[in-house]
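For reference, the structure discussed in these notes is given below.
The values are calculated or read from the model by the stated rules, or taken from the named source; none is laboratory data. Since the structure is predicted, the reported quantities are computational estimates derived from the model, not experimental observations. Neighbour counts are summed over all protein chains in view; Cβ atoms, including those assigned to glycine, are modelled from backbone coordinates with ideal geometry. Note: accessible area is taken over every heavy atom of the protein model, side chains too, but ligands, DNA and RNA are not part of it. Shrake-Rupley method; radii C 1.70, N 1.55, O 1.52, S 1.80 Å.
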Amino acid sequence: MVTSTEKFSELLTGTAELRAEVELVVNAAPVMDVHTHLFPPEFKELSLFGIDELLTYHYLTAETFRSARIPYDRFWAMSKMDQADLVWKTLFVDNTPTSEAAQGIISVLDVFRLDTRARELNEARAFFNSQNLSDHIDQVFDIAGVSGVVMTNDPLDEAESRIWKSGGNGDRRFKSSLRLDRLFNGFESRSAPSIRRMLDQSIQLLNPVYIAASLPADFQYPSNDSREWLLDEVVLPAAKEHGLALTLMIGVRRGVNPGLREAGDGLGRADVSAIESLCERYRDVKFLVTFLSRENQHELCVAARKFNNLMPFGCWWFLNNPSIVSEITRERLELLGQSFIPQHSDARVLEQLIYKWKHARRQIADALCSSYEQLLHNGRAVTREEIARDVRRMFEGNFNEWVGQS
Ligand code: FIX
Ligand code: ZN
């Protein structure tokens, strides 16, 4: 009789049992969501959930403007409920919800057994409005298999700072980060010591797992500009002294179409050598990096092969689509083995965790399975143990190692 230990270390020599096992492990493995815009209930209006927030997500408003001929100012003048009604009618009733963001809504409604073909939102509203938020958070984290999320915390945001100063976050599943876009992209001339003081106080107050910033497609390093000064004189010395990783999200072009508000950002191909220079100059700092442009993904993999203080993560924003997640994950498996973080959700609304991880796990399982099948055909079978180890590393281990968490 095969014991469970032997079963666990049994070689999987059949492609059907291999695929079944990979899907089982990938779908059951807890994941650390390394970048989100989620907040726990203490952060009040910053903590978004429910059908109206889900439907007015900027991915869906952008898509709605392509089909509903409504002037921007009239849309933004509408109440959130009226906006959600228009998004639902336009993308889910008058058209078939085939886009990834629309399919996400369907996945969420389906999980809660709500009618995915309803002509109006009464049933969905009644359901979400009846939820107790903290129980709902537990349920959503459980369904999505998320062990924790990293928030996006702006130390220069007064509303948020007030909440941190009045007690902040009591939920250990919500990890904080120190997001410095206002410093990097709206640089006001402040002295290095005063910025450093602000950073040290914010690190004390928020206890972040990393320092972060999004950077435009034309980001250069070295560049002899205020960003280089900020990195060299303040941010990287602070990261080193506090033992914090630096997370950089590169390639966004903010406000390409301001009329779309949050949905108005675009992307551009960036120069990956800027990251190589940073990793070279700061060998003792760990960098978590994601690029927004599809054209930068292969370059990022190759840069990570050159610098072991560089951890590629996620298929960010416009890359978070099944066909592209599949392509990027396969390329990373081929060039980096398991030394990368496959995905982050970038969730802005709580229930998005459900679909973003359901859809990501599907592509990651598929890519991983192809990799193991090739290995089998090349002469080496894997065990259940090895699959569980590899998935654990990609879903939590790499991040925990990078931010010094066990
Ligand atoms: O910079 C970021 O963190 C981006 O993820 C956001 O600005 C963006 O609006 C978003 O939500 C992408 O998914
Ligand atoms: Zn984000």
Of all residues in segment 330-358, count the ones that are open to solvent by 10 Å² or more (accessible area, probe 1.4 Å), closer than 16 Å to residue 57 by Cβ and acidic (Asp, Glu). 1
Would a scan of segment 316-324 turn up a residue that is more than 16 Å from ligand 2 (Cβ to nearest atom), part of a strand (DSSP E or B), buried (at least 16 other Cβ atoms within 10 Å of the Cβ) and under 20 Å from the mean Cα position of the chain (by Cα)? no
So residue 368 ticks every box in (1) free of Cβ contacts under 8 Å to residues at least 40 places away in the same chain; (2) part of a helix (DSSP H, G or I) but one. Which box is left unticked? (1)
Filtering segment 193-216 for residues that are open to solvent by less than 60 Å² (accessible area, probe 1.4 Å), farther than 26 Å from residue 254 by Cα and in contact (Cβ under 8 Å) with a residue 24 or more places away in the chain leaves a count of 4
Go over the candidates 392, 361 one by one and state the one that is under 29 Å from residue 208 (Cβ atoms), in contact (Cβ under 8 Å) with a residue 60 or more places away in the chain, open to solvent by less than 70 Å² (accessible area, probe 1.4 Å) and part of a helix (DSSP H, G or I). 361
In segment 330-354, how many residues are within 24 Å of residue 105 (Cβ to Cβ) and either away from ligand 2 (no atom under 16 Å from the Cβ) or aliphatic (A, V, I, L, M) (or both)? 7
Go through segment 352-378 and give me each residue that's closer than 30 Å to residue 134 by Cβ and more than 15 Å from ligand 1 (Cβ to nearest atom). 354, 358, 361, 362, 364
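Table: residues versus (1) closer than 30 Å to residue 210 by Cβ; (2) modelled with pLDDT of 95 or more.
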{"residue": "118", "(1), (2)": "no, yes"}
{"residue": "123", "(1), (2)": "no, yes"}
{"residue": "132", "(1), (2)": "no, yes"}
{"residue": "141", "(1), (2)": "yes, yes"}
{"residue": "150", "(1), (2)": "yes, yes"}
{"residue": "154", "(1), (2)": "yes, yes"}
{"residue": "159", "(1), (2)": "yes, no"}
Residue among 36, 13 that is within 16 Å of ligand 1 (Cβ to nearest atom) and either modelled with pLDDT under 95 or of a type in the set (Val, Ile, Thr) (or both): 36
Condition set over 16 Å from residue 125 (Cα atoms) and not charged (D, E, K, R), scope segment 72-91, selection surrounded by the most Cβ atoms within 10 Å (Cβ to Cβ): answer is 91
Considering only helices (runs of 4 or more DSSP H) wholly within segment 62-152, the ones with at least 2 residues that are within 16 Å of ligand 2 (Cβ to nearest atom) and under 22 Å from residue 46 (Cα atoms) are 100-111
I'd like to check something: does segment 212-228 contain any residue that is hydroxyl-bearing (Ser, Thr, Tyr) and under 26 Å from the mean Cα position of the chain (by Cα)? yes
Grab the helices (runs of 4 or more DSSP H) fully contained in segment 209-287, keeping just those with 1 or more residues being farther than 26 Å from residue 403 by Cβ and of a type in the set (Gly, Ala, Ser). 226-230
List every residue pair whose Cβ atoms sit under 7 Å apart, with the two residues 6 or more apart in sequence or on different chains, where the first one lies in segment 129-157 and is open to solvent by 40 Å² or more (accessible area, probe 1.4 Å) and the second, anywhere, is within 16 Å of ligand 2 (Cβ to nearest atom) and not β-branched (Val, Ile, Thr). 147/32; 156/182
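This table checks each residue for (1) over 19 Å from residue 198 (Cβ atoms); (2) within 24 Å of the chain's Cα centre (by Cα); (3) open to solvent by 20 Å² or more (accessible area, probe 1.4 Å); (4) away from ligand 2 (no atom under 16 Å from the Cβ).
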residue: 231; (1), (2), (3), (4): no, yes, no, yes
residue: 239; (1), (2), (3), (4): no, yes, no, yes
residue: 247; (1), (2), (3), (4): no, yes, no, no
residue: 251; (1), (2), (3), (4): yes, yes, no, no
residue: 257; (1), (2), (3), (4): yes, yes, yes, yes
residue: 267; (1), (2), (3), (4): yes, yes, yes, no
residue: 275; (1), (2), (3), (4): yes, yes, no, yes
Provide a single number: the residues in segment 158-170 that are closer than 26 Å to residue 139 by Cβ and either surrounded by 16 or more Cβ atoms within 10 Å (Cβ to Cβ) or in contact with a strand residue (DSSP E or B) (Cβ under 7 Å, 6 or more places away or on another chain) (or both). 4
Yes or no: residue 384 touching a residue at least 12 places away in the same chain (Cβ under 8 Å) and within 27 Å of residue 54 (Cα to Cα)? no
Given the residues 62, 68, which is the only one that is more than 16 Å from ligand 1 (Cβ to nearest atom) and at pLDDT 95 or above? 68
For segment 24-49, give me the residue count where each residue is open to solvent by 20 Å² or more (accessible area, probe 1.4 Å), part of a loop (DSSP other than H, G, I, E, B), more than 14 Å from ligand 2 (Cβ to nearest atom) and more than 18 Å from residue 359 (Cβ to Cβ). 1
